[in-house]
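For reference, the structure discussed in these notes is given below.
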Amino acid sequence: MAPSENANHRAWWKECSVYQIWPASFKDSNNDGIGDIPGIVSELDYIKNLGVDIVWLCPSYKSPQIDMGYDIADYYSIAPEYGTVADVDKLIEGCHKRGMKLLMDLVVNHTSDQHEWFKQSRSSKDNEYRNWYIWKPAKYDEQGNRQPPNNWVSHFQGSAWQYDEKTDEYYLHLYATEQPDLNWEHPPVRKAVHDIMRFWLDKGADGFRMDVINFISKDQRFLDAPVKDPRQIWQWADKWYANGPRLHEYLQDLGKILKQYDAFSVGEMPFVKDESEVLQAVQFDRNEINMIFNFEHVDIDHGQYDKFEPGSWKLTDLKNFFERWQTFMYNNDGWNALYWENHDQPRSIDRYTNAKEEYRLIASKMLAVALTMQAGTPFIYQGQELGMRNVPPSWGIEEYKDIDCLNHWHGMIKQKQFDTKAQEIALQEYQKKSRDNARTPVQWSAAENAGFTGPGVKPWMSINTDYVRINAEAEVKDPNSTYHFWAAVLGLRKEYLDIFVYGDYKAVDGASEEVYAYTRQYNGSGRTSVSHSSNLLNKIETRVKSSEGQKALVVCNWTEKDLKWDAAGNGFAKVKEVLLDNYGSAKEAAPRISGDQWSLKPYEAVVVLV
Ligand code: GLC
Ligand code: CA
């Protein structure tokens, strides 16, 4: 595409950034050891000052908490441990007052088995809710033993089918046994989901993060995956239950509602690699959803079959992944969601770098630059702005709380001789990849319990012992902290909006295993947005710099050593201006970031105009 023909749409949701909140671990207002919504309301200024525009609240609805709220028992009420619907009203009001928006989590591939719909559904074959879930008769093997309807496995171990004695049938649960999958083929289910969306949008919520949204349409043949080794079943997931035949029809229906409210939407989509599949969901004119979370870069350290098997990766794997997604989205009027962390992923500093403690600050700032200067809507997960780390390596299994990890452990115990050595390896992998890493309480101060909950209270999950050094109070005070650096990066992105939001992306020094570099360049005015610009978003005070013809270069030293970078050899003999450097002031960095060879310090990240 010739530069002046850039046909990408502008839209307010491309320009903003999102802060994700996991309510159980954010802040406890009433000293019961569990984070809650009033706790969030009390820290809205802290969030606002980071420079984000949107707050995403993870599921806070009534739930037995088998999967920490991703098992919803009632979409219209709030879990009492988190507060009330009136508290959510206050949260919405508090966000809006500060020019921020609020996203709710929409979890509608499945419900809790404690949801009234499922209680009805399992009660008899002719109950009017029977078809709301996916029920199938048993299969029998040659010896006459009862078997599940097919060989699909649950994301949390074991068969994806649960036998229910009452009606002598199995129901499908792609996640925990207590998370039965809804049957989207049945029109009343779709209508019920539309009603839930309208309810929260009418209350003033500004959009949704949509849980495993590409699982809602499944291949109705429910065939066995053709594998002998059950560990290979995952490779068939997208053939049978992800991206099913009616996915885009369903998403178009959701899109109509979203459009009426000019709402924000991001869909979680595991198992999508195919570009045309992704584009059908996010291309601007398709009116389905704004953007998706894909998994390629977070699956990077998984083993061949299982995330808890040891895995390894190279910097070029990560770079190639980004280049591909950046390019096909730009060329096709699509849009990326940018993230390193969320409630399902370990801390980025430990996953993507080997930084020793002395480089923690610098390396976490480098990760902020590497991601946020790309084209897409950045998502920051609570604690990431502080450079919070994975759980301590000394943790035993009794500290882990997450069903994903605990079911894995119990599966290991059942399946094989799980000796001390094997246990040790499993624990090492949990410390690297378990979801618990993201779920330790936010470290607010150096006070007892890190200021997350009151002194003497036992928090629902142990707090990382490093809170004495890594905490919000210290970082807010320190102008050199990761927190303030994030604010600077988000500010720069808005200041040079044309370049960093609407510009193209070109890989630089692509083969290097030490340096991650790319350019961003704005190539034209872009198409005017049909989506009206929201009056809520943080507007940068200074006039947005006009960027026609300007090009930015981002260079990150992904190693823990001093590096010479061949700027001239990569075509950048001249730097016009250093905009940002993670070692401090751009001015001080400028002499090193100039000439034919740049001198980069360990984990140094720079953004320059060239
Ligand atoms: C998504 C959520 C995860 C949850 C799963 C089932 O992947 O992010 O936390 O366990 O869906 O709802
Ligand atoms: Ca509480």
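Computed values, structure above
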quantity	calculated
Any pair with Cβ under 9 angstrom, 6 or more apart, that starts in region 26-39 at a residue that is under 14 Å from residue 58 (Cβ atoms) and ends at one that is within 7 Å of ligand 2 (Cβ to nearest atom) and among the polar types (S, T, N, Q)	35/29; 36/29; 36/30; 37/29; 39/29; 39/30
Sole residue being within 16 Å of ligand 1 (Cβ to nearest atom), surrounded by fewer than 20 Cβ atoms within 10 Å (Cβ to Cβ) and not acidic (Asp, Glu), chosen from 401, 356	401
Single match in 115, 110 (criterion: modelled with pLDDT of 95 or more and closer than 22 Å to residue 435 by Cα)	110
Subset tally (residues that are part of a helix (DSSP H, G or I), touching a residue at least 60 places away in the same chain (Cβ under 8 Å) and within 23 Å of the chain's Cα centre (by Cα)) for region 469-491	10
Test: residue in region 103-122 that is assigned to a loop (DSSP other than H, G, I, E, B), among the small types (Gly, Ala, Ser), on the phi > 0 side of the Ramachandran plot and within 25 Å of the chain's Cα centre (by Cα)	no
Residues located in region 375-391, provided they are within 16 Å of the chain's Cα centre (by Cα) and not in a loop (DSSP other than H, G, I, E, B)	377, 378, 379, 380, 381, 384, 385
Pairs, first touching a residue at least 24 places away in the same chain (Cβ under 8 Å) and closer than 26 Å to residue 359 by Cα in region 570-596, second among the aromatic types (Phe, Trp, Tyr) and outside any strand (DSSP E or B), C-beta under 8 Å, six or more apart	579/496; 582/485; 582/603
Criterion violated by residue 316 - all others in (1) under 22 Å from residue 153 (Cβ atoms); (2) at pLDDT 95 or above; (3) among the β-branched types (Val, Ile, Thr) satisfied	(1)
Sole exception among (1) in contact (Cβ under 8 Å) with a residue 40 or more places away in the chain; (2) surrounded by 14 or more Cβ atoms within 10 Å (Cβ to Cβ); (3) away from ligand 1 (no atom under 16 Å from the Cβ); (4) over 30 Å from residue 325 (Cβ atoms) for residue 423, by number	(1)
Count of region 447-467 residues which are within 16 Å of residue 39 (Cα to Cα) and among the β-branched types (Val, Ile, Thr)	2
Selection within region 139-166 - within 21 Å of residue 185 (Cα to Cα) and in contact (Cβ under 8 Å) with a residue 24 or more places away in the chain	149, 150, 152, 161
Residues located in region 195-209, provided they are out of contact with any helix residue (DSSP H, G or I) (no Cβ under 8 Å at 6 or more places or on another chain) and either among the basic types (Lys, Arg) or closer than 25 Å to residue 174 by Cα (or both)	195, 196, 209
Which numbered condition residue 214 misses (of (1) without any contact (Cβ under 8 Å) to a residue 40 or more places away in the chain; (2) in a helix (DSSP H, G or I))	(1)
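The values are calculated or read from the model by the stated rules, or taken from the named source; none is laboratory data. Keep in mind that what you see is a predicted model, and the values were worked out from it rather than measured. Quick reminder, even Gly has a Cβ in these numbers, built from the backbone with ideal geometry, and neighbours come from all protein chains shown.
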